[in-house]
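Here's the structure, in structure tokens; my notes come after.
The values are calculated or read from the model by the stated rules, or taken from the named source; none is laboratory data. All values reported here derive from a predicted model rather than from experimental measurement. Here the Cβ is made from the backbone with ideal geometry for all residues, glycine too, and neighbour counts use every protein chain on show. Surface accessibility is based on the protein's heavy atoms, side chains included, excluding ligands, DNA and RNA. Shrake-Rupley method; radii C 1.70, N 1.55, O 1.52, S 1.80 Å.
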Protein chains: 2
Amino acid sequence: MTEASSSLSAATAAAVVQALALRELRLTANRRSVLAMLEHGERPLTTEEVAAGSGVPVSTVYRNLAELVDAGVVVRVAGAGGGDRHELAEAFSEHHHHHLVCTDCGIVTDFTPSRQLETLIEQEVGALLASEGFEVAHHVFDVRGRCRACSSVRR
Amino acid sequence: MTEASSSLSAATAAAVVQALALRELRLTANRRSVLAMLEHGERPLTTEEVAAGSGVPVSTVYRNLAELVDAGVVVRVAGAGGGDRHELAEAFSEHHHHHLVCTDCGIVTDFTPSRQLETLIEQEVGALLASEGFEVAHHVFDVRGRCRACSSVRR
DNA sequence: ACTGTGAATGAGAATCATTATCAATATGTT
DNA sequence: AACATATTGATAATGATTCTCATTCACAGT
């Protein structure tokens, strides 16, 4: 209950209210703070990071993130060890992107692949329903390795 | 120490011995059982699954899997909840493939994308060193959704 | 604005997965 | 066989996440 450095944008808030209403969830001050963190963070955040940055108690952050994931507003991103990370679902944020996961320091940054690659991925993934009976929700394309900072240090 | 239903193939064993030797690790009976599970399982397995299936105590399975991951013989695959899953690294197994993760039951199955898609991915990923200073180890391309069994039931 | 009902909160307890400990044992070597 | 070192496994310790429950808050109807 301290404060959020910046608040949730009105556009996002409106869309979120809709999504939450379907599950009889309310857009409370805490959930606003949590979402604001994700909206303004330029990378997926751990539960601890969200709690620390928003001032919302950890138990509430855990609960809220789980509810928001269920509601499809937030998605979980697998990092490298440490805790799970979270970011706004694509429908509620800027653009489609993927992740660069540093296996040394665990940090996750975004990157946007070429339009060509995305198109091909979409095609391929779309065919899975027919071939495997697999109902695709979305795809994860992450690149793992060592970030610039880490590669200039150890090993 | 019960028994492994099937044993580790000789070819894999030979390659693994080499990889382990570099770290002064031995290919013990337990590690053989663990690896045999991964070699014959047709999908990534959780630590519990490996322990249950091989009869090796969980504490040892945890330790062995961690060592094998360090040695590059096994890779961790992020599932949906539950525990982390593991499979033989590509250098020690059949072919390059990716994963279909069911967000309902958590099961992970393999699928092989087209050669065209792989080539494009490789190109794009290779360019990241120059553009981002990111030293790529490998890429993860997983598709999330609901498997045939789960889509025919709930929701 | 006032009230009622159900959702949300938060501090701590409880749980679950994973890691560390350490004495006993197994491995590969000379 | 004897040695030096890696491995094992039962259990304790840790760390992350979930649960509990009495209190507080949010929204709808008045």
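Among the residues of region A:21-51, which ones are among the hydrophobic types (A, V, I, L, M, F, W, C) and within 17 Å of the chain's Cα centre (by Cα)? Don't jump to the end; show me each part of the working.
Let us first name the residues in region A:21-51 that are among the hydrophobic types (A, V, I, L, M, F, W, C), namely A:21-22, A:25, A:27, A:29, A:34-38, A:45, A:50-51.
Of everything in region A:21-51, those that are among the hydrophobic types (A, V, I, L, M, F, W, C) and within 17 Å of the chain's Cα centre (by Cα) turn out to be A:VAL34, A:LEU35, A:ALA36, A:MET37, A:LEU38, A:LEU45, A:VAL50, A:ALA51.
Residues checked against (1) of a type outside the set (A, V, I, L, M, F, W, C); (2) part of a strand (DSSP E or B):
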site: B:ALA66; (1), (2): no, no
site: B:CYS105; (1), (2): no, no
site: B:THR109; (1), (2): yes, yes
site: B:ILE121; (1), (2): no, no
site: B:SER131; (1), (2): yes, no
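Of the residues that sit in region B:105-149 and are open to solvent by less than 30 Å² (accessible area, probe 1.4 Å) and more than 8 Å from chain A (Cβ to nearest Cβ), which one is farthest from A:THR119 (Cα to Cα)?
In the first step, residues of region B:105-149 are kept if they are open to solvent by less than 30 Å² (accessible area, probe 1.4 Å); the result is B:106, B:108, B:111, B:113, B:117-118, B:120-121, B:125, B:128, B:133-134, B:139, B:141-143, B:145-147.
Next, from what is left, pick out any that are more than 8 Å from chain A (Cβ to nearest Cβ): B:106, B:108, B:118.
On the way: B:GLY106: 27, B:VAL108: 24, B:GLU118: 13 Å.
Across region B:105-149, the extreme among qualifying residues is B:GLY106.
If a residue has to be within 14 Å of chain B (Cβ to nearest Cβ), open to solvent by 40 Å² or more (accessible area, probe 1.4 Å) and either among the hydrophobic types (A, V, I, L, M, F, W, C) or within 17 Å of B:ALA80 (Cβ to Cβ) (or both) to count, how many in region A:84-104 make the cut?
So the answer is 1.
Tell me yes or no: at least one residue of region B:35-46 is more than 23 Å from B:HIS138 (Cβ to Cβ) and at pLDDT 95 or above.
The answer is yes; a qualifying residue exists.
Would you tally the residues in region B:68-83 being assigned to a helix (DSSP H, G or I) and surrounded by fewer than 16 Cβ atoms within 10 Å (Cβ to Cβ)?
Residues meeting the conditions: 2.
Could you list all residues from region B:44-59 that are within 11 Å of DNA strand C (Cβ to nearest atom) and assigned to a helix (DSSP H, G or I)?
Matches in region B:44-59: B:THR47, B:GLU48, B:GLU49, B:VAL50, B:ALA51, B:VAL58, B:SER59.
Within region B:1-22, is there a residue that is within 14 Å of chain A (Cβ to nearest Cβ) and either open to solvent by less than 40 Å² (accessible area, probe 1.4 Å) or near DNA strand D (Cβ under 8 Å from one of its atoms) (or both)?
Taking every residue of region B:1-22 in turn, none turns out to be within 14 Å of chain A (Cβ to nearest Cβ) and either open to solvent by less than 40 Å² (accessible area, probe 1.4 Å) or near DNA strand D (Cβ under 8 Å from one of its atoms) (or both).
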